Amino acid sequence: MRRRTGLAIAGATALVWGEWLNWRWSRSLVGSCGGATEAVVVLGYRNPRSTANFVNRWRVRAGIRSVSADGGKGTLVIFSGGATGSHGAEAQLMADYANSVLGFDGPVLLEDQSATTWENITNVIPLLEDVDRIKIVSQPAHALKARAYLRRQRPDLAEKLVRADDYRPGEWMIGKPLLASYGLWTLRGLQAEERKVSP
């Protein structure tokens, strides 16, 4: 009985910890700037098949729900990700899913050359120059990494970052402890990179 209680407490603690870290990451390196135009940048995930995989489908849904409440007026959705197999770029697969399954018919641009998160940011920068707000959509730790890369590459554009709707309480709840563990590992790597480039 004690063992079962201990396991239940440990499980509940892990869920709360994962939830809290993802919540915190979703609110890091963002501001509250306003303006009439925004870009929602949806980052792709390894997709070797001819249709969007589970992760990319979720990211597309999170991207579409991140479009401002005015119905998308002044919002540009950018799907970013190159080909990881023989079936086309992640960006195209995500755009196809947004259009054919979710019925999204707003303005869309594709960035279909990137193979890494750093390249995602490098390649979308020319598409972000004229917008007032920038939202980067992915799992919270990955989106935070991308925001940090934007801040490193273009601090002026990073001032336009605002929060996307890629964190919701209870969503991915069972997986959030794993996402949190992976996120901590990823962000440690990011900190090590920043130490190397710091003067």
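In table form, for the structure just shown:
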item	result
Residue check for residue 58: under 22 Å from residue 178 (Cβ atoms), at pLDDT 90 or above, open to solvent by 80 Å² or more (accessible area, probe 1.4 Å) and not small (Gly, Ala, Ser)	no
Qualifying residue in segment 136-147 (condition: assigned to a strand (DSSP E or B) and within 16 Å of the chain's Cα centre (by Cα))	yes
Matching residues, segment 150-193, being among the acidic types (Asp, Glu) and open to solvent by less than 80 Å² (accessible area, probe 1.4 Å)	165, 166, 171, 193
Within segment 87-107, considering residues that are free of Cβ contacts under 8 Å to residues at least 12 places away in the same chain and among the small types (Gly, Ala, Ser), the one farthest from residue 63 (Cα to Cα)	100
Residue that is surrounded by the most Cβ atoms within 10 Å (Cβ to Cβ) [pool: residues in segment 84-112 that are over 25 Å from residue 22 (Cβ atoms) and charged (D, E, K, R)]	111
Segment 61-83: number of residues that are modelled with pLDDT under 85 and within 19 Å of residue 109 (Cα to Cα)	5
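Here's the yes/no breakdown for (1) closer than 30 Å to residue 192 by Cβ; (2) surrounded by 20 or more Cβ atoms within 10 Å (Cβ to Cβ); (3) in contact (Cβ under 8 Å) with a residue 40 or more places away in the chain:
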site: 114; (1), (2), (3): yes, yes, yes
site: 119; (1), (2), (3): yes, no, no
site: 123; (1), (2), (3): yes, no, yes
site: 141; (1), (2), (3): yes, yes, yes
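The values are calculated or read from the model by the stated rules, or taken from the named source; none is laboratory data. None of the values given here were measured: they were computed from a predicted structure. Here the Cβ is made from the backbone with ideal geometry for all residues, glycine too, and neighbour counts use every protein chain on show. Protein only, heavy atoms only, side chains kept; ligands, DNA and RNA dropped before computing areas. Shrake-Rupley method; radii C 1.70, N 1.55, O 1.52, S 1.80 Å.
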